[in-house]
1. I'd like the full set of residues that are crowded, with 22+ Cβ neighbours inside 10 Å and either free of Cβ contacts under 8 Å to residues at least 24 places away in the same chain or within 23 Å of Ala257 (Cβ to Cβ) (or both), limited to the range 163-175.
2. What about Ser262, is it assigned to a loop (DSSP other than H, G, I, E, B) and either outside the structural domain of His415 (by TED's automatic domain parsing) or surrounded by 20 or more Cβ atoms within 10 Å (Cβ to Cβ) (or both)?
3. For the range 75-94, give me the residue count where each residue is over 27 Å from the mean Cα position of the chain (by Cα) and touching a residue at least 24 places away in the same chain (Cβ under 8 Å).
4. Restrict the check to the range 327-341 and report whether at least one residue is touching a residue at least 60 places away in the same chain (Cβ under 8 Å) and either touching a Lys or Arg at 6+ places or on another chain (Cβ under 6 Å) or closer than 30 Å to Gln485 by Cβ (or both).
5. Going by what's in this entry, would Ala446 be described as over 30 Å from the mean Cα position of the chain (by Cα) and closer than 19 Å to Asn404 by Cα?
6. Cβ contacts < 7 Å: first residue at pLDDT below 95, restricted to the range 104-132; second residue part of a strand (DSSP E or B), any location; separation 6+ or different chain. Result?
7. Give the range 273-295 a look and list any residue that's surrounded by 21 or more Cβ atoms within 10 Å (Cβ to Cβ), part of a helix (DSSP H, G or I), of a type in the set (Phe, Trp, Tyr) and touching a strand residue (DSSP E or B) at 6+ places or on another chain (Cβ under 7 Å), or say none.
8. Would you check if Thr429 is among the β-branched types (Val, Ile, Thr), crowded, with 23+ Cβ neighbours inside 10 Å and at pLDDT 95 or above?
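The values are calculated or read from the model by the stated rules, or taken from the named source; none is laboratory data. Given the structure is predicted, the values throughout are model-derived calculations rather than measurements. With ideal geometry, Cβ positions are generated from the backbone for all residues, glycine too; neighbour counts draw on all protein chains shown.
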Amino acid sequence: MMRVLKWIFFLICFCYLFLLLANRQVANVLFGGNGYQKHQLNPGNVEVPIKRTFAWKDRSVFADSIYNLWANKSFKQDNINGKGNVNDILLARMLLNRDIPEVNETILKFKVWGISGSTWALNKKGDYDFSITNLTTILWLFGERSEILYPQTRDYLLNTLLSEEGNKFRYPVPRSLGLVKETENHILMTEGSRYLKNRWMMLHGNSDTRYDNVENGMEVKLLAFMDEMRRNGLYEFNSLPYIGYTITALLNLEAFASDTLSAKARDVLDYMNWCYALGSYQLKHYPPMRRRYEKAYIQKLLTDYHSAFMKSWLSYSPVENFDTDVSHAEVHALMGACIPYQPADEVIKTIFDKGNGYFVQLGHGKNSCPEIYSAGKHFLLSAGGANRGENSIIVARPICLFLNDTVSVLTNVFHMAGPGDDFKQWNNTGVYRHFACAAGPVKIPAGLNSVQNKNDWAVYCLKDSIAVAVYSSKKLGIMALAENQKPEDFLDNVVRLNSDQSKLEHQFTMPEGTTIEFDVNSPKDRWVIQAVDGKPVDRIYDHWPLIQGDFLKTN
């Protein structure tokens, strides 16, 4: 009998582990490499700007348009519970002071439809933290405005719908026996909402110690968690769609938490937005990302979820003209517009003005891939990164050349990737100052003709006096850029210095004399660039600093 029971117990354990590992999210957290967070990354030599001097508007036409877009959406009263957008519709109507009786009536019909945390085979009713995060925003924006959020509705929201309270800070994925750490976005949404409910209760007269975030440890735990994000960067960096929910949770904390916790949330947001500014140009943003593979083939450059937040913030800034398309990121534009965070001045400036240019490397830690960017006055070379194995859930992107234009899709920019078409096989880290290479051909925007061709090279004359010399074969693509040089002269110099075909497969000399050695077939844990002017570079990017680089000074 005991032997049978042992086999039954073994079978149950085996089935449990199979279900655990069969879930891609759980498996990637378990095996995908976030153990690097135990070791602090070097911060690097590039500081995150925090200075804020711009005069911001009190209202914006863009924000009003987003509010109206959501307020005009409809929903069925018999389908208001679940992971949908009813909360966003109600929030928008409250922001516009519209249909207030119906809004309150609808909230009173809400049910706690699930539990917070990741959904997987043994936790099929997860993801309730998506709802409580938005409900937390509603509470703090309107909880003291009884003409908008009626007292009865507020009390129901507090006592029933905001189900997370006290000090039960949860790090692991629900029902994983504590074996698997929860993802950043779920921890921030769940524990941030728990903290903010506690804080509301204490500030409004409830002296129960379970609501005291200092006494119960919630404040110190959230501080530690966000401090780790700030020191080591995000595990879910540039994630589609999860970066949007991470930002929303941080916005709630920055706006409504204690001064200490608010400052830490702002610190993380400022870091994230500085990385965005360095890695984008004119709101074109196409970096490598972690999660999700099905998002790998998105072609749009202007409408990722981080860009949607940025457009909401820009609408209150002194910047007058920018692309306002948010595509399917409308919900993130809504949250960015209504929660009062403002990026630092230098973030806003750098998105549109690259100064005299820069070269930066953004480290993301062990078993990850970096972001690498080379900027000139009027261009940005954006490296695409490298997948680090199936469970890394890292989406490598093509290397892209962004210009000062309104191009919005990948096919209309110079880009290259390789080998082949499977992004899981790529190592697209081959970017250096004014130079890029990859194990595949350079894709030229349709309708763009070269100014001159020589040997296997072509040169293109682009906007703002930018010349790009291109070498393109099935197994090797090279782009070299110059500003304010005659394209024909630039091409002559490139061809003269790189005429040896056998050397070109692993070495390129820039017209000013810099020699760059590379291996486009490098292992996916190594930078494609090997040496510069004969000096080996640090290729092992698992331990690269958080933000390392240099900026060319303005004359």
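1. Residue satisfying the conditions is Glu164 alone.
2. no
3. The total comes to 4.
4. no
5. no
6. Short answer, once both residue conditions are applied: Gly117/Asn123.
7. Tyr276
8. Numbers: among the β-branched types (Val, Ile, Thr): yes; crowded, with 23+ Cβ neighbours inside 10 Å: yes; at pLDDT 95 or above: yes.
Criteria met by Thr429.
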